[in-house]
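> Input: one structure, supplied below.
The values are calculated or read from the model by the stated rules, or taken from the named source; none is laboratory data. Given the structure is predicted, the values throughout are model-derived calculations rather than measurements. Here the Cβ positions follow ideal geometry from the backbone for every residue, glycine too, while neighbour counts run over all protein chains shown. Quick note on the areas: whole protein, heavy atoms, side chains included, nothing else; ligands and nucleic acids left out. Shrake-Rupley method; radii C 1.70, N 1.55, O 1.52, S 1.80 Å.
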Amino acid sequence: MTPQSRSDVPTTGIGARDFLGHPPGLAVLFATESWERFSYFGNAALVVLYMVKYLLEPGRVETVLGFGAVKAGLEFLFGRLDPQPLASQIFGFYTGLAYFMPVLGGLIADRLLGQRRTVIIGGVLMAIGHFMMAFETLFLGALLMLIFGIGAFKPNISTQVGALYAPGDDRRDRAYSIFYLGINIGAFLAPLVCGTLAVQYGWHAGFGAAGVGMLVSLGIYLGGQRTLPPDALPQAKTVATEKKPLDSGERRAVLTLIGVCALVTLFWATYDQQGNTLLLWAEDFTDRSLDLLFWQGEVPSTWFLALNPLMIFIFTPLIVQLWARQGQRGTEPSPISKMAFGCLCVALANLVMAAAAWTAAGKASALWLVGYFAIATIGELHLAPVGLAMVSKMAPARILSLMMGVWFAATLPGDILAGFLGGFWSSMGKSTSRAVGNQ
């Protein structure tokens, strides 16, 4: 059964009306993913700071189950690791594995369970993992539970977006941009809510809020089942179709997608410093003071992570309108051209931060981070949703979830490299020390 817009997709129940000119199922998937991303980014906004500022301190880290084995394994690969480089490596492997496991999640959905059941299993695992984060002893086990949950959840939600549309329906690209906007509603609220709760009531309150967000996501998905496309269940396929090898055109499409994914790893290696060294820069080397006349103080460093999704809200409609006008004139860039421009933008954004580190005397202005996030966000919008749409259009239908998983799996080598690069943070000179030396 090929992904398409079908009469057998009911239009009653939740979201019975069209959603911004799209099938009602898009509203359900939009809200489901928004709350799931709230849980993920709420957790991710805290993990590095939690380890560096709290968990990895002597006398506390020894209580974490499995910590000795994990540290020994990482030091075998990378040499001796002090707390900050160790936290950077753990975060890199966590985020990388979280996006590698969708390969397995896509395979399970394609061959065994179908997208719906796999998404539900993933949501349950993620909710359990988030609440486990509230207990210091279970920290590594919680990360492992989240990794498996994301692996089951992530590729199959994205696949269902494409399955709402008939082949050749030009709304599909715009649907993925709308879906990506939903992702970033959750990503915007997450560091504000979870970060503030962590500052005011302790780390565990922030992690607990992420767990609540995942339960809301799961509830929306279960309540909106009737608006979603039916699974192409394995038992509905003939044995001949199951065993039929890919034809030459399908093989070329798969190899093309794998090549694109390999190049995208370098994008993620730099982009995903946002939750790692960029957050440490915001915490220790950025002037976070704010004077609103009626309130004075410092904003939590995690709030800066909300700049990226905020700018996605601003830039998405502008970029989508631009592409629509270009499409009418026949001048819209190809997906590869869009993605190449996205990589260029992220390179420029990192050069902005290099300038901030070079010119700052004492703590740097927060405007440097605003500039970084503006340029990086434009780059992200030219790569991430475009890549999702490309996989949805090019991948052979019978391995669509698997190939969606491969797209997300490109994050693993990228984030391992990101963790390696982030490990240099504590050993490199900082702007404050240079400023003192110049006085």
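> Kindly indicate whether residue 283 is surrounded by fewer than 21 Cβ atoms within 10 Å (Cβ to Cβ), at pLDDT below 90, touching a Ser or Thr at 6+ places or on another chain (Cβ under 7 Å) and more than 22 Å from residue 375 (Cα to Cα).
No; evaluated as a whole, the condition is false for this residue.
> Test residue 424 against the stated conditions and say whether it is open to solvent by less than 20 Å² (accessible area, probe 1.4 Å) and either under 22 Å from the mean Cα position of the chain (by Cα) or at pLDDT below 90 (or both).
It is false that residue 424 is open to solvent by less than 20 Å² (accessible area, probe 1.4 Å) and either under 22 Å from the mean Cα position of the chain (by Cα) or at pLDDT below 90 (or both).
> Identify, from the list 397, 360, 347, the residue that is within 23 Å of residue 106 (Cβ to Cβ) and open to solvent by 10 Å² or more (accessible area, probe 1.4 Å).
Sole residue among the options that is within 23 Å of residue 106 (Cβ to Cβ) and open to solvent by 10 Å² or more (accessible area, probe 1.4 Å): 397.
> While we're on this one: Could you grab the pairs with beta carbons closer than 9 Å, sequence gap of 6+ or different chains, first residue in the range 288-314 and under 18 Å from residue 39 (Cα atoms), second one surrounded by fewer than 16 Cβ atoms within 10 Å (Cβ to Cβ) and β-branched (Val, Ile, Thr)?
These pairs meet every condition: 304/370; 307/370.
> Give the range 21-38 a look and list any residue that's open to solvent by 10 Å² or more (accessible area, probe 1.4 Å) and touching a strand residue (DSSP E or B) at 6+ places or on another chain (Cβ under 9 Å), or say none.
Across the range 21-38, the qualifying residues are 27, 30.
> Looking at 318, 307 in this structure, which one is assigned to a helix (DSSP H, G or I) and either touching a Pro at 6+ places or on another chain (Cβ under 6 Å) or open to solvent by less than 60 Å² (accessible area, probe 1.4 Å) (or both)?
307
> For the range 256-265, check the following and say yes or no: at least one residue is modelled with pLDDT under 85 and either touching a His at 6+ places or on another chain (Cβ under 9 Å) or open to solvent by less than 50 Å² (accessible area, probe 1.4 Å) (or both).
No, the range 256-265 contains no residue that is modelled with pLDDT under 85 and either touching a His at 6+ places or on another chain (Cβ under 9 Å) or open to solvent by less than 50 Å² (accessible area, probe 1.4 Å) (or both).
> Kindly provide the set of residues from the range 111-151 that are farther than 19 Å from residue 204 by Cα and open to solvent by less than 10 Å² (accessible area, probe 1.4 Å), ordered by number.
Matches in the range 111-151: 114, 118, 119, 122, 123, 149, 150, 151.
> Something else about it: Could you list, in sequence order, the residues of the range 47-62 that are assigned to a helix (DSSP H, G or I) and either crowded, with 19+ Cβ neighbours inside 10 Å or among the hydroxyl-bearing types (Ser, Thr, Tyr) (or both)?
Within the range 47-62, 47, 48, 49, 50, 51, 52, 54, 55 meet the criteria.
> Can you tell which of 389, 376 is open to solvent by less than 10 Å² (accessible area, probe 1.4 Å), of a type in the set (Gly, Ala, Ser) and farther than 24 Å from residue 306 by Cβ?
Checking each option against the conditions leaves just 389.
> Condition check: modelled with pLDDT of 90 or more and among the aliphatic types (A, V, I, L, M). Does residue 20 satisfy that?
no
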